[in-house]
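The values are calculated or read from the model by the stated rules, or taken from the named source; none is laboratory data. It should be emphasised that the depicted structure is a prediction, and the values quoted were computed from it without experimental measurement. All Cβ positions, even for glycine, are placed from backbone atoms using ideal geometry, and neighbour counts span all protein chains on display.
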Amino acid sequence: MADGVLCSCWANLPESVRRKLLWGCTGRMHLLDVAGLCMQENVPALEPVAAGLLQTAFADNPLDGNMAHQLLGDARVRGVLPDPTLEALQAVAARWQAPDNISYFAHLRSRRNFEKIRVFVEHESEKQPDNLYWREQALVNGVVGASMDWVAEMLAPVLAEPAEEDGLGPVRTALGLMFDRMSGECASAQSLARNTGNAFGSGYGHMSTGLCLLDAGKRDQASKLFLQALAKTPWNTSLILRTYDLAHGVGAKRVPLEGDVVILLYSWNKDVELDATLKHLYSSDLGSARLVVLDNGSTDRTAEVLGSWQLRFGEERMRIVTLPVNIGAPAARNWLMHLPEVRQSDFVIYLDDDVELPTDWLSCFGAAVELYPDAGVWGCKVVDHAQPLFMQHADGQLALQDPAGATTSSLAPNPFRLSDLHIQGIDSGLFDYMRPCASVTGCCHLFRTERLLQAGDFSIHLSPSQYDDFEHDLRLCEAGMFPVYTGHLRVLHKKRSGAASRLSGPEEGNALGNRYKMQAMHRRADLVEAEQAGLALLEEDLLRKMRTLDGMMG
């Protein structure tokens, strides 16, 4: 039987493009990178793929005039993009001009002083009402600062219909669609999605309408539209993963965890956040799971908070471990994992002390365990508590970088990183899938106890940064026990990170030092082998899902 459209498209892509698309098909910088790889091949059959990737990047932020100028300045890009896209890019570029001096504005952004940012952007917009640069800054900084009403006010002049055609019609439609989805206006978003035209690609309208229908809970209709979008954009791996899970009810699947489950928390001087987290735990469906909380030398009201919640949980369900000093996160993890009742359990869950959980979070993990029973660890999607449109963690994939010139005296002696597609834009819903990866967040992750103990302790050399969970996952990958991510479990995290964070100088210095130590802890040959094995696992998983969807489309 001949391959369907998805598998055929995949087989005809160059290996360099396939490797990148295995990470996903979202995030502007990533999309531009993959489009560049397609154009470097100088193969006419790849031009529609390159064009589609560029159009998808444009749709992620239609006001990005800097990108518009760069795309229009590249002859190869102009040669592959269709006229509607070029006309929309030209309309944006003609009305977007970066100021000569933005040092003060850059200072405000670095300090994340959103109130002053709003005042400054308003002032500059009044002086330059037709300059889309300031409207873009309102969109980006307003969303990060969770000031949606202000964003609506600042975008109103752009979204207003002009007296005569100015070329920005598709941009207005895409902006309106984006804002309506962010604001929860499902009906209005659906109407706009059906009228996006061709500037953002032939599958954009179907995919966007499907995402709007998902927001409204209309899963079957969304699944049909996603399949129609994939028929036009069969290279869209993120949509493939999302469509497969939607069509097979993976996101709705809930399975109780079988066996003895112990939930582990450690906390230091975060009594308010810890109290809220324990409240969410108490309200969730824990089944027979037990709870152990380590007070890491707190000097605030943590002891009082823990005592109060132990009365409600009962001493048989909640144990408190009190230490006289703060021993750091990795050591706290190790202390907890070596407690007798933990070592004798079937499953161990580490949970941060500043999260909000859905009531069915444990059975979400249970579904992941049932579908991917051989994982080394299972993790979830973590979003910013202050602005849930921003993801802090998703499925991190291992990316080895060129070690040429690296020595033990360089800042990156053995350079590697995790993919960062999830922080290159807002959460559109395309990360709501389940699959293997190289690392999941330590904010909320589940282990089989035997595998946790087999992998060994979390590295105390990486305290106090959060690289200890990443380094632990690397050891699992090197042992062939890859993590599995489920984007169907969404956890809100109160500590800002990713695109919504700002580190102090000392924090950045500490992170840099710990990243150096982590790189020095792993042999290059082991990482290369883990990367190759991870890519093979990703492709095997993707092809299985492609074949199933090809059958549905056929």
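Filtering segment 288-302 to residues that are in a loop (DSSP other than H, G, I, E, B) and either within 29 Å of the chain's Cα centre (by Cα) or not assigned by TED's automatic domain parsing to the domain that holds D352 (or both) leaves only A289.
Filtered by the rule that a residue be surrounded by fewer than 16 Cβ atoms within 10 Å (Cβ to Cβ), among the hydrophobic types (A, V, I, L, M, F, W, C) and either at pLDDT 95 or above or within 15 Å of E41 (Cβ to Cβ) (or both), segment 1-20 gives a lone residue, A11.
Yes/no per residue for (1) touching a His at 6+ places or on another chain (Cβ under 8 Å); (2) closer than 19 Å to L175 by Cα; (3) hydrophobic (A, V, I, L, M, F, W, C):
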{"position": "P99", "(1), (2), (3)": "no, no, no"}
{"position": "R118", "(1), (2), (3)": "no, no, no"}
{"position": "E124", "(1), (2), (3)": "no, no, no"}
{"position": "Y133", "(1), (2), (3)": "no, yes, no"}
{"position": "N141", "(1), (2), (3)": "no, yes, no"}
{"position": "M148", "(1), (2), (3)": "no, yes, yes"}
{"position": "V151", "(1), (2), (3)": "no, yes, yes"}
{"position": "M154", "(1), (2), (3)": "no, yes, yes"}
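Of all residues in segment 432-468, those satisfying the criterion of being among the acidic types (D, E) and surrounded by fewer than 24 Cβ atoms within 10 Å (Cβ to Cβ) are D432, E450, D457.
The residue that is surrounded by the fewest Cβ atoms within 10 Å (Cβ to Cβ), counting only those in segment 223-271 that are under 24 Å from the mean Cα position of the chain (by Cα) and among the basic types (K, R), is R254. With respect to the stated conditions, Y244 is in contact (Cβ under 8 Å) with a residue 40 or more places away in the chain, in contact with a Leu (Cβ under 8 Å, 6 or more places away or on another chain) and not basic (K, R). When N414 is tested against (1) part of a loop (DSSP other than H, G, I, E, B); (2) surrounded by 21 or more Cβ atoms within 10 Å (Cβ to Cβ); (3) over 23 Å from the mean Cα position of the chain (by Cα); (4) of a type outside the set (K, R), only condition (2) is not met. Just one of the listed residues (I349, I320, I327) is over 16 Å from S284 (Cβ atoms) and at pLDDT 95 or above, namely I320. Looking at S497, S439, just one residue is closer than 30 Å to I240 by Cβ, of a type in the set (S, T, Y) and either at pLDDT below 85 or over 19 Å from the mean Cα position of the chain (by Cα) (or both), and that residue is S497. Of all residues assigned to segment 117-131, at least one qualifies as being under 19 Å from A386 (Cβ atoms) and within 30 Å of the chain's Cα centre (by Cα). What about S283, is it over 15 Å from D354 (Cβ atoms), surrounded by fewer than 16 Cβ atoms within 10 Å (Cβ to Cβ) and more than 28 Å from the chain's Cα centre (by Cα)? So S283 does not fit the description; no.
The residue that is modelled with the lowest pLDDT, among those in segment 543-554 that are more than 10 Å from C7 (Cβ to Cβ) and in a helix (DSSP H, G or I), is M553.
Tallying residues that are small (G, A, S), within 26 Å of Q128 (Cβ to Cβ) and surrounded by 11 or more Cβ atoms within 10 Å (Cβ to Cβ) within segment 72-109 yields 5.
Taking (1) of a type in the set (F, W, Y); (2) within 26 Å of K20 (Cβ to Cβ); (3) in contact with a strand residue (DSSP E or B) (Cβ under 8 Å, 6 or more places away or on another chain) in turn, W268 satisfies each apart from (2). Of all residues in segment 159-174, those satisfying the criterion of being surrounded by fewer than 21 Cβ atoms within 10 Å (Cβ to Cβ), of a type outside the set (D, E), out of contact with any Asp or Glu (no Cβ under 8 Å at 6 or more places or on another chain) and closer than 25 Å to Y204 by Cα are L159, A160, P162, G169.
Of all residue pairs spaced 6 or more apart or on separate chains, those with beta-carbon atoms under 6 Å, a first member in segment 75-87 that is closer than 13 Å to V49 by Cα and a second member that is assigned to a helix (DSSP H, G or I) and at pLDDT 95 or above are V77/L71; V80/E47; V80/A50; V80/A51; L81/A51. Scanning segment 245-261 for residues that are outside any loop (DSSP other than H, G, I, E, B) and under 30 Å from S288 (Cβ atoms) returns D245, V261. Quick check on R219: is it in contact (Cβ under 8 Å) with a residue 40 or more places away in the chain and either surrounded by fewer than 17 Cβ atoms within 10 Å (Cβ to Cβ) or of a type in the set (A, V, I, L, M, F, W, C) (or both)? Answer is no for this residue. Only residues that are modelled with pLDDT of 90 or more, touching a Pro at 6+ places or on another chain (Cβ under 8 Å) and under 22 Å from P330 (Cβ atoms) were counted in segment 457-484, giving 7. Restricting the first member to segment 446-463 and to residues that are assigned by TED's automatic domain parsing to the domain that holds A520 and in contact (Cβ under 8 Å) with a residue 24 or more places away in the chain, and the second to residues that are in a helix (DSSP H, G or I) and of a type in the set (A, V, I, L, M, F, W, C), the beta-carbon pairs closer than 6 Å and six or more apart or on different chains are L446/F365; A455/L476; I460/A331. Would you confirm, using the coordinates I've provided, whether N269 is assigned by TED's automatic domain parsing to the domain that holds E471, without any contact (Cβ under 8 Å) to a residue 60 or more places away in the chain and touching a Phe, Trp or Tyr at 6+ places or on another chain (Cβ under 6 Å)? When the stated conditions are applied, N269 does not pass them.
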